[in-house]
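Reviewing the structure listed below.
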Amino acid sequence: ALYGHPDSGGHWERHFADCVQKCGGVELSNEHPSCFWVESQKLLVSVYVDDILLAGPTHQHAAFWAKLRSHVDIEDPTDLGRFLGRQHDAFQVTPDGESACAPIKALAFNMDDFVKSTVEKYMQCSGAKSLKRVPTPFLGEGSILASDQEEGGELRADACGVLMKALWVGRIARPD
């Protein structure tokens, strides 16, 4: 009901923090806002706007969700899938050469759809029909002259939106 209020995000953040604290959660630190540790259940809770991520012993999840729901109205939890624009693909792998070993649960960060939407946004903004292949995204030394920065480019109105999407991919997909 606070949408439209200049600080609706701040109000929600404080309200949610109070609700998690009533469930035994303690905010980790100023460096990790909206991340809470519930010592009694060994659970880590992370929230971003209305995306809540719960990690810890599976047998503790139902009790935590029930207690949290007594303080705040939230939807039913679902398996980890999409969070912060990143798809999480769970699968099992067997270590190479160790067929006798039990499979290991693994998780892959998948941002294929987000990357495609970033390219589509660039194509739409630029009017490009195709992209050319380049060996590196970096320009050589001296490629951009000081005089090139005196006049705004053709994409100046949309460049920040495309750039921010690309930077989000770099931060969240962790291609490193």
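Read-outs: derived from the displayed coordinates by stated rules, not from any lab. Given the structure is predicted, the values throughout are model-derived calculations rather than measurements. Backbone-built Cβ (ideal geometry, glycine too); neighbour counts: all protein chains shown.
The separation of segment 65-95 from segment 1-61, counted between C-alpha centres, amounts to 14 Å. The mean sequence separation of alpha-carbon pairs under 8 Å and at least six residues apart, normalised by the residue count of the chain, gives a relative contact order of 12 percent. With the simple spin-label model, which puts each label point 7 Å out from Cα in the Cβ direction, the THR94 to ILE172 separation comes to 3.5 nm. For the chain, the C-alpha radius of gyration divided by 2.2 N^0.38 Å, with N the number of residues, is 1.41. From the residues SER34, SER70, GLN124, which one has its Cα farthest along the dipole of the chain in the positive direction, the dipole being from +1 and -1 charges on Cβ of Lys/Arg and Asp/Glu about the Cα centre? Value: SER70. In summary, the lysines within cross-link reach of LYS165, defined as a Cα separation below 25 angstrom excluding same-chain residues under 8 places away, comprise LYS116, LYS121, LYS129, LYS132. Straight Cα distances below 30 angstrom link LYS67 to the lysines LYS22, LYS42, LYS105, with same-chain residues fewer than 8 positions distant left out. List the GluC sites (Glu not before Pro) within segment 21-51 that fall in a DSSP loop (any state other than H, G, I, E or B) and whose Cβ has at most 14 other Cβ atoms within 10 Å. For GluC sites (Glu not before Pro) across segment 21-51 that sit outside H, G, I, E and B with at most 14 neighbouring Cβ atoms in 10 Å, the list reads GLU31. Looking at segment 1-88, the chymotrypsin sites (Phe, Trp or Tyr not before Pro) that sit in a DSSP loop and have at most 13 other Cβ atoms within 10 Å of their own Cβ are TYR3.
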